[in-house]
Every structure is written in C-alpha cells, then in structure tokens.
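Trainee: Dropping a structure here in structure tokens format, bear with me for questions.
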Amino acid sequence: MAAEYIIYCDESDEKGDYFSNFYGGTLIRGEHLQEIVTAIRAKKKELNLTKEVKWQRVTEHYEGKYTALMDTFFDFVKADKIKVRIMFTQNRYVAKGLTKRHIDEKYFILYYQFIKHAFGLNCSPKIPGGVHLKVYPDKIPDNAEKVAVFRTYIVGLARQPEMRERNIRINPDNVTDVDSREHEILQCLDVVLGSINFKLNNKHRALTARNNTRRGSRTKAKERIFNHIKARIQDIYPRFNVGSNTGQHTADCYWTDPYRHWLFVPRERIIVDISKHKKKK
C-alpha cells in the first residue's frame, strides 16, 4: 500500500531590508494528518481563537494564545510528525545572468527549488508501494495560466531519477493552492515564517510612528513570540542560528531532520549592497 506525504507551503515578504523571498513548508505523513489537525483545532477552540491565525494579527492581547498554539505545533515538530522547512535569500547575494523569464517567474522558480530540495525527498526512505505526494501552497497571487505552469513543474518532479527510484508519484489534481482559512497547519506555518522574517529583517527594532522614540506594544509582543519559537527550535537544535543554513550532519538529514533552515545562495552570484548585510549574532 502506498504511503502519502502532504506538503503545505506558504511565502512571505518578497523583499526585506536584509533578507527576502521567504518560503516555508511543512511535510506530514498521511498517517499523522488527522491527529495533528484535530489537536490544533482543539487547541484553537480551547484558546477561543475563532478567526484565522496569522502573524499579522499578533497583538499583545493575543500573545499568550499564540504562544500556547505554537507549543502544540512544535510538540508535533519535536516528535517528527511535522517536518518544517524555511527558505530565504540574503540581499547581499545577487544572481548573475538572469533572463527576463527568470525575473518574471522568480516566484515559481524559487517555489520549485524549495519543494524539490528542502525536504530531502531525494533521500527519503524507499517504501513498498511507493508514495503519493500532495502539494498545497497557500493561495498563489497570480493568473491561472502561471499557476498551471507551476503545477506542471511540480508534477514533473516525479520524473527525477531519485524520485522514480522511490516511486514518488504526483497527481496533477494533488497540486493545488488552498485557502489557509481552512487549513490550521498553514496558519501555524504562517506564524513561524512571519516570526523568522520579523527577526531577520530587524522589524523587532521598529519604533512607533507617533513619537519615533520607543517600540510599540505589538512589536514587543511579536518579539516575545519569536523568542518563544526560537527556544522551541533550539530545544531540537541547541545552537541553532536563525539566519544560517542548518548544518548537514548526516547524509540524509535533509529528510530526517524535523526542522531546517535554508539560506538560498545562487551558484553564480555577485556581492552587492554591503550596508544591507546584517551581521550574525
């Protein structure tokens, strides 16, 4: 009998002050999906979070509720029932030789690279009966024609030698964008992805527009939520650096690790805008 892998994915700011092109994804094995969805829905109900959970909705009033929901989410990550991958680029690295097509289709090209490489599908275990892979990105902000091209790219992954060797199959009907309001896992991913973007682009240092001398309560609440999320990640990887690649400590860690970051650096690149390079701390 074939196994089932479900990838939910989302994207955040295309352009930030220091880091850009944020993509996030979760991979869940089919046998764990209902358990996870039921638990997150129950937690949202317990916390009286009746609306869609989103990073942009974080306020001081909701800080405790979002923190508690992240604990439920990361309990599943630590148990390796949810695999989380975050990808982003650093503004100081600019790809060389980009064509107009590359620029026009950057969103889809990076999405394709993210799904192809971030989860380590090419080193996933070989399963009798093979694997059905489903890919559900959050609503794609583009026309139907480009979305269809994106679907073709993702379906084409199944023709890669490593994927064929593992009998990973992708039905075109199982590659479709979805509404995050109906998918609690995507909502939790949005909070994680938003928090990483928030920290790496120094949004935690933003001052209020009113007097430009102090940070607002909402900014402080977001920073505390980020710090809680970072602590949960570091509970898995004690010396985790939020702005760097997760190290390759085993040959198959791209698959086996429950949580990873990928700083995407173009192979052919130039280094520019040094003033925008954020030093690691």
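Trainee: Restricting segment 209-240 to residues that are closer than 19 Å to Glu63 by Cα and of a type in the set (Val, Ile, Thr), which is surrounded by the fewest Cβ atoms within 10 Å (Cβ to Cβ)?
Mentor: The first filter runs over segment 209-240 and keeps only residues closer than 19 Å to Glu63 by Cα, leaving 215-233.
Those left that are additionally of a type in the set (Val, Ile, Thr): 219, 225, 229, 233.
Details: Thr219: 19, Ile225: 23, Ile229: 23, Ile233: 24.
Filtering first and then ranking leaves Thr219.
Trainee: Still on this structure, I have one more. Let me confirm something: among Asp10, Asp80, which residue is touching a residue at least 24 places away in the same chain (Cβ under 8 Å), within 20 Å of Lys139 (Cβ to Cβ) and not in a helix (DSSP H, G or I)? Lay out the reasoning, then the answer.
Mentor: Values: Asp80 fails: within 20 Å of Lys139 (Cβ to Cβ).
The match here is Asp10.
Trainee: Kindly list the number of the only condition in (1) in contact with a helix residue (DSSP H, G or I) (Cβ under 7 Å, 6 or more places away or on another chain); (2) within 14 Å of Cys9 (Cα to Cα); (3) not aromatic (Phe, Trp, Tyr) that fails for Arg224.
Mentor: Against the list (1) in contact with a helix residue (DSSP H, G or I) (Cβ under 7 Å, 6 or more places away or on another chain); (2) within 14 Å of Cys9 (Cα to Cα); (3) not aromatic (Phe, Trp, Tyr), Arg224 comes up short only on (2).
Trainee: Within segment 76-96, can you find the residues that are surrounded by fewer than 17 Cβ atoms within 10 Å (Cβ to Cβ), under 22 Å from Lys15 (Cα atoms) and either among the basic types (Lys, Arg) or at pLDDT 95 or above (or both)?
Mentor: The one that is surrounded by fewer than 17 Cβ atoms within 10 Å (Cβ to Cβ), under 22 Å from Lys15 (Cα atoms) and either among the basic types (Lys, Arg) or at pLDDT 95 or above (or both): Lys96.
Trainee: Restrict the check to segment 148-156 and report whether at least one residue is at pLDDT 95 or above and either acidic (Asp, Glu) or out of contact with any helix residue (DSSP H, G or I) (no Cβ under 8 Å at 6 or more places or on another chain) (or both).
Mentor: Scanning segment 148-156, I find no residue that is at pLDDT 95 or above and either acidic (Asp, Glu) or out of contact with any helix residue (DSSP H, G or I) (no Cβ under 8 Å at 6 or more places or on another chain) (or both), so the answer is no.
For (1) in contact with a helix residue (DSSP H, G or I) (Cβ under 7 Å, 6 or more places away or on another chain); (2) more than 17 Å from Cys188 (Cβ to Cβ); (3) of a type in the set (Asp, Glu); (4) not in a helix (DSSP H, G or I), each residue gets a yes or a no:
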position	(1), (2), (3), (4)
Thr59	yes, yes, no, yes
Tyr66	yes, no, no, no
Thr72	yes, no, no, no
Phe76	yes, no, no, no
Phe108	yes, yes, no, no
Tyr136	no, no, no, yes
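Trainee: Okay, next question. Please go through (1) touching a residue at least 12 places away in the same chain (Cβ under 8 Å); (2) within 22 Å of Phe264 (Cβ to Cβ) for Lys65 and return the number of the only condition it doesn't satisfy.
Mentor: Looking at each condition in turn, Lys65 falls short on (2).
Trainee: Surrounded by 17 or more Cβ atoms within 10 Å (Cβ to Cβ), more than 21 Å from Ile196 (Cα to Cα), modelled with pLDDT of 90 or more and not aromatic (Phe, Trp, Tyr): which single residue out of Val135, Val58 fits that description? Please lay out each step first, then the result.
Mentor: Values: Val58 fails: more than 21 Å from Ile196 (Cα to Cα).
Of Val135, Val58, the one residue that is surrounded by 17 or more Cβ atoms within 10 Å (Cβ to Cβ), more than 21 Å from Ile196 (Cα to Cα), modelled with pLDDT of 90 or more and not aromatic (Phe, Trp, Tyr) is Val135.
Trainee: Residues Lys43, Lys15: which one is among the charged types (D, E, K, R) and closer than 15 Å to Cys188 by Cα?
Mentor: On the way: Lys15 fails: closer than 15 Å to Cys188 by Cα.
Exactly one of Lys43, Lys15 is among the charged types (D, E, K, R) and closer than 15 Å to Cys188 by Cα, namely Lys43.
Trainee: Working only within segment 166-185, note down all residues that are in a strand (DSSP E or B) and not basic (Lys, Arg). Write out each step before concluding.
Mentor: Of the residues in segment 166-185, the ones in a strand (DSSP E or B) are 168-169, 175, 178.
Once the filter is applied, which keeps residues that are in a strand (DSSP E or B) and not basic (Lys, Arg), segment 166-185 yields Ile168, Val175, Val178.
Trainee: Out of Thr246, Thr208, I need the residue that is under 25 Å from Asp190 (Cα atoms), modelled with pLDDT under 80, part of a loop (DSSP other than H, G, I, E, B) and not aromatic (Phe, Trp, Tyr). Which one? Please lay out each step first, then the result.
Mentor: Working: Thr246 fails: modelled with pLDDT under 80.
Every option except Thr208 fails the conditions.
Trainee: Turning to a different aspect of this structure: Is it true that some residue in segment 24-33 is part of a strand (DSSP E or B), surrounded by fewer than 18 Cβ atoms within 10 Å (Cβ to Cβ) and modelled with pLDDT under 90?
Mentor: Taking segment 24-33 first, the residues part of a strand (DSSP E or B) are 24-29.
Now drop any that are not surrounded by fewer than 18 Cβ atoms within 10 Å (Cβ to Cβ), which leaves 29.
Next, only the ones that are modelled with pLDDT under 90 stay: none.
Taking every residue of segment 24-33 in turn, none turns out to be part of a strand (DSSP E or B), surrounded by fewer than 18 Cβ atoms within 10 Å (Cβ to Cβ) and modelled with pLDDT under 90.
The values are calculated or read from the model by the stated rules, or taken from the named source; none is laboratory data. The structure displayed is predicted, hence computed values, not measured ones. A quick note on method: Cβ atoms are made from the backbone with ideal geometry, for glycine too, and the neighbour counts reach across all protein chains shown.
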